[in-house]
Every structure is written in C-alpha cells, then in structure tokens.
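Worksheet for the structure shown next.
The values are calculated or read from the model by the stated rules, or taken from the named source; none is laboratory data. Computed from a predicted model, the values in this text were never measured in an experiment. So basically every Cβ, Gly included, is an ideal-geometry build from the backbone, and we count neighbours across all protein chains shown. The protein model used for the area step is the full one, side chains on, heavy atoms only, and it has no ligands, DNA or RNA in it. Shrake-Rupley method; radii C 1.70, N 1.55, O 1.52, S 1.80 Å.
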Amino acid sequence: MKSQIAKLVSTALDALESEGVIDAGMRRQPVIERTRDASHGDFATNAAMVNVKAAGMKPRDLAEKIVAALPDDPRVEQVEIAGPGFINFHLSASAYHAVVPEILRLAHDYGRSDLGRGKKVQVEFVSANPTGPLHVGHGRGAAYGAVVADLLAAVGFEVHREYYVNDAGRQMNILAASVWLRYLELAGEELTFPSNGYKGDYVWDIAATLHREHGDDYRFDADTVFKDVPPDEPAGGDKEQHIDALIERCKSLLGDNRYRYVFELALNTILDDIRDDLEKFGVVYEQWYSERGLVESGAVNKAIDRLRDAGYLYEKEGAWWFRSTDFGDEKDRVVVRDNGQTTYFASDIAYHMDKLERGFDRVIDVWGADHHGYVPRVKAALKALGDDADKLDVLLVQFAILYRNGEKLAMSTRSGEFVTLRQLRREVGRDAARFFYVMRKCEQHLDFDLDLAKSQSSDNPVYYVQYAHARICAVLRQAAEKGLDIEPSEGVANLERLTETHELALLNSLSRYPEVVEAAALNEEPHQLTHYLRDLANDLHTYYNAHQFLVDDAALRDARVKLILATREVLRNGLNLIGVSAPESM
C-alpha cells in the first residue's frame, strides 16, 4: 500500500515538473508514512513541504496542486490537506480487501521486494576465535547477523555471508600449547598449568584425542618443558611472558611438523565444532575466510605498503605505526612490531581492504560491543588507503545475560566456565533462542530469561506467535473433520463481509508487513519484525477468541477463512525470516 501511495505522489510531482510548477533540479524526495491518528487517514506525505523551494510557493498552495494532479485510484477514498501542508490519504475498504488475495497469490514471496537489486552486500558475523566452543554471547551475534542478512536478501540485495577465521596469531599458539600441556598431563607428567592457558574441558578432549592416537610420541618430561621458563603470575611472575615462553618451548621441543600437527588438530577440532553448532542453529555461510590465507596471499604486506606509500606510516623504536590520529582516533596504532611481526590490526586493515576489492557495495561487520573502540581505527585505515569508509557499517551487539529462577548465571570465558550456545539450544530450543536473541536492538543489553523461553504461555513471545499459526492450522483441520468446503474463492469475493473491528485490525496489520520487512532490513533492526509478529499474533488471538470462523453463512465463512489463511502465510513468512519454525500444532 505504501508503495502504491508513493507512485501516486511521484506521478503528481512528475506532472507538476513537466508543467514547470516544480524545478526539476531542486525537487526533493518526499516521505510517505502511516498516520498515527486514524482520523488523519491511513497515509500522509510531506511532498508539498519538502518542495516549497522547488515550486517557489507556500506549502498549502503547492499541496493543492499536488492533490489536483494525483491520478484517480479506486483504492483512495479521500485526500485532504492538513496543517501547514501535509497531504493525508484515506484508503477505501477495498484497498485493504485486496491485500488478502495478494498474500494468497504471492505466498512465500509476500513481503519480499527488489529494492536492493543489483547491489552486493557482505555481512560478516560471529567470527569468534577458534579457541573454544561458541558461548551464548556469540549466539546473539549469530542470530542477529543471520537475520540481518536474510532481511537484506528478502528486499533484493545480493548477500554474501562470511565468517572470518582468526587462525593465525598468538591466541591460536596459546591454544596449541594448552592442548599439548594437557596431553602431557594425560601422559603422566605432573605440571602446573599456566594461568593464561585455555582451561575448558574441550582442551582436555582434544588432548585426549592426541594421546589416544599418538601415545607418548609427543611426550617430554615436565622438567625439560619448564626449565628456565619465567615464573607465572601466581608465582610472582608475568603471565604473558610465562605463556609466551611455553609456546616457544613447545615449538622447539616438538619441531615444526609435530607442532603444526597439534596446532591443526586443535584448530580443526574447534572449527568443525563451531561450524556444526552454527548449522544446527540455522546459520550458514557462503564463505569461511582464513586469516592465515590472507597473510599468505601477501594482502597484509600489500596493505602496509599502501599505507606507507601514502605517507601514513612512521617508524618509532623499531616498530611501524599508523597515523590513525590524523583521522580522529585517540592514538596512533602499531601495524608492525619491533620484532617484525604484523599485528592483528594490520590483518584487519588488509581484510577490510580485501572486502572492498571484492566489489561489495556495502560491508556490514557484526561485532561484540567491547570492540566499539576498534571502529574508528578501521575506518581511519580505509580512508588512508583511499577507500570509501562509508561503505563499512559496524553493528555492535551487546552481551546476553542469562537468568534462571530469577538468578543471574555467572559467566567466565577465561576459566572455561560459561554456557555454550549448544547448551542453550538444548535447554530452550533453537526457535526460542533465535527469537529471544533478536527481540531488542543490538546495542541494548539482553536479559535472557531461560524459564520464560521454555514456558508454554502467552508471556513467552515466541510461543505466543507460533501458537497463533498453530491455531489457524487447527481451524483448517476442524473444517476437514466437519467436511466443510473451505477452498478460498477467487480474488476479493466475499471480503466485503469483513466488517468486524477485529477483522479490520487484522487487515491493517497484514497490509503493513512489506513495510516492516523493508524498514527492518534497511535499518538493520530485526526487532522491528519480532515486534510486528507479536502484534499480528495478538490481533489473531483476539479475533479467534471473539468470533467463529466455520459459520453456516458460506460467504462469511469464505471471507473469514481467506483472512486467516493470509494471516497464517504472513506469520510463517515472518518467522522464517527470523529462522524460527511455524508449527501446525502445539
């Protein structure tokens, strides 16, 4: 409906432009929006107010000319000018009736559009270090990124979903050393595990695989391993120096081939687990992009050379620094350490350079909120490279806090004590997890009530929406049991019988769905869709509780069945975009 009103207004403005009333070079695009007060009609536009300069006349005078130039349309019952020059449109009942056969005809495609046709968008999300299983914080980023990507695809963008695998660098070396040390313990060595190592049970599991398949082949006595290693933090030393020394000892004792085997075993075991976990969460990617592959391709050195050639790098105390303060960052950043090693930041610069070189019109990064300080420096680097930093959009997702029986669950990733995404899925189910994760704006904290997510009550939003779909399916089964013919009639036949307040509310809600999908996609706000679905479910439940559908009056029965069939389709389409099932019985 909104697009139809927009076409009418555009046609009127075109006519005034051709008549010389409006200067084509100064013409501005108007806003079409639903009115908040039904007495003001269904839609309103500011077309006259934004084009007063282009027309050189008062807004109300221009509004009158726009109204006069509007094409006749049977769906528009009345047009009026309000206030300083707003134009209000009152739609006919037939305009709303026409929505029902449109939904039934388009089915899965209702709400989809080609708004983004011809534009390529990359959405990179989760991208957790493969140093352990995904936890519930990663789960929110996974759900959010997946729905943003699906919404953009629904409105016509060509979407490329990507996971950036941090398979190079210090954290992976810490993981490999942690696995090897646990292996030594399984082989019978007594040692004090480093305070900065990875302590989760999954490390024991990988170590057990290594021990089971290779026995004592990788074993060295603990005295040899820890000889001359700087003390750990509990012993009054520096935990970073301690773990770095253990990594070097691990490499020197095992040699390149055996160390690489432990490294790859740890990486691939965890990466396979992450991939499996996400697939079962309904999250799939077009590409898993390796940081190591990025480095080996020469892209990191290429990015550094481009920055150096552009005059944005300088050498200080043996390290190379990027002049990010030239672009508003709080301080300059190291890209090459004094030992010649490139930094994580250097890899990130190269990765984003590569993204834009791949021809994406828009690049969306979904990061944890703790990375907020990282945004300006990445954008600064893109500007320094001569790229368009405005193509990068970073969405910061706040952590999810779990509650059970009203009590906040303690979480500590460092100690290995955290709730994994897999555990959450098993406890509340994929549907509840996906829905709950996107109910709020990403920048808002999310209190995830486990008890509510499992409850079968109207207070549980996902249950409430799914139950609306199941209720409609139940009506259709009842009709079959009674032998009633409920094959819907063609077009708008009998829909004029829908005059009850609850029916008009449903028709209005159904007509809004394409606008909600478009707004949720363009604003990267999945919560707009969850809120809409809750409102639509409420309209259905209210209607269900107040009226009978399988009435003796065949024409009225046909109208009501068509209405609930359309509602079922929209509920199903919306749930599908969120990655939630639409059960036929509950």
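Per residue, the solvent-accessible area of region 26-81 (1.4 Å probe, heavy atoms of protein chains only, all protein chains present) comes to 62 Å². Between Glu19 and Glu357, the simple label model (points 7 Å from Cα in the Cβ direction) yields a spacing of 5.6 nm. Across all Cα atoms of region 339-483, the radius of gyration (one decimal) and Dmax (whole number) stand at 22.1, 81 Å. Simple spin-label estimate for Glu407 and Glu80 gives 6.0 nm between the two label positions (7 Å along the Cα-to-Cβ direction from each Cα). Peptide packing: for 291-301, 134-144, the average count of neighbouring Cβ atoms within 10 Å per residue gives the ranking 134-144, 291-301, highest mean first. For region 264-405, the fraction of C-alpha pairs farther apart than 24 angstrom is 41 percent. In a fully extended conformation the segment linking Ser10 and Asp217 would gain 66.9 nm over its present Cα-Cα distance, using 0.36 nm per residue. Based on DSSP H segments of at least four residues, each scored -39500 (n - 2.57), the chain has a per-residue ellipticity at 222 nm of -16500 deg cm²/dmol. Nonpolar atom fraction for the chain, defined as the carbon and sulfur part of the 1.4 Å probe accessible area, stands at 45 percent. Were the residues from Arg260 through Ser297 laid out at 0.36 nm apart, the gain over their Cα-Cα distance would be 11.4 nm.
Going by accessible surface with a 1.4 Å probe and the largest first, Leu556, Leu563 read Leu556, Leu563. Pairs exceeding 24 Å between alpha-carbon atoms, taken from Lys408/Lys454; Lys199/Lys251; Lys383/Lys441: Lys383/Lys441. Computed over region 247-315, the quotient of the alpha carbon radius of gyration and 2.2 N^0.38 Å is 1.62.
The length gained by stretching the chain between Glu158 and Arg477 to full extension, at 0.36 nm per residue less their Cα-Cα distance, is 110.9 nm. Taking 60 Å as R0, compute the FRET efficiency from the Cβ-Cβ separation of Asp228 and Lys53 and round it to 0.05. Efficiency at R0 = 60 Å is approximately 0.15.
The dipole here belongs to the chain: it is taken about the Cα centre, uses +1 on the Cβ of Lys and Arg and -1 on the Cβ of Asp and Glu, and is about 620 debye.
Under the combined filter of DSSP loop state and at most 12 neighbouring Cβ atoms within 10 Å, region 324-361 retains none of its chymotrypsin sites (Phe, Trp or Tyr not before Pro). Derived scalar couplings between HN and Hα for region 257-266 equal 5, 6, 5, 4, 5, 4, 4, 5, 4, 5 Hz in order, rounded to whole Hz, by the Karplus curve 6.51 cos²θ - 1.76 cosθ + 1.60 (θ = phi - 60°), x for Gly and Pro.
With a cut-off of 20 Å on the backbone N, the residues of region 168-186 near the modelled label site 7 Å out from Gln287 along Cα-Cβ are 168.
What base-10 log of the normalised intensity I(q)/I(0) is obtained for the chain from the Debye formula, alpha carbons as equal point scatterers, at q = 0.07 Å⁻¹? Each listed q maps to, in turn, -0.58. Taking every DSSP bridge with both residues inside the chain, close to 50 percent are antiparallel. With R₀ fixed at 30 Å, the C-beta to C-beta distance from Ala107 to Thr542 puts the FRET efficiency at about 0.75.
Rg ratio for region 108-200: its Cα radius of gyration over 2.2 N^0.38 Å, N being its residue count, equals 1.66. Ellipsoid fit via the Cα gyration tensor, region 471-586: semi-axes of 27, 16, 12 Å, each the root of five times an eigenvalue, largest first.
Remark: region 182-233 carries 53 Å² of accessible area per residue (probe radius 1.4 Å; ligands, DNA and RNA excluded).
Computed from label points 7 Å out along Cα-Cβ, the spacing between Ala369 and Leu484 is 4.9 nm. At q = 0.19, 0.24, 0.30, 0.34 Å⁻¹ the log10 of I(q)/I(0) for region 440-483 amounts to -0.70, -0.85, -0.97, -1.06, computed by Debye summation with a single uniform scatterer per C-alpha, solvent ignored.
Once region 158-286 is represented by equal point scatterers at the alpha-carbon sites, with solvent omitted, what log10 I(q)/I(0) does the Debye formula produce at q = 0.20, 0.22 Å⁻¹? Here log10 of I(q) over I(0) equals -1.14, -1.33.
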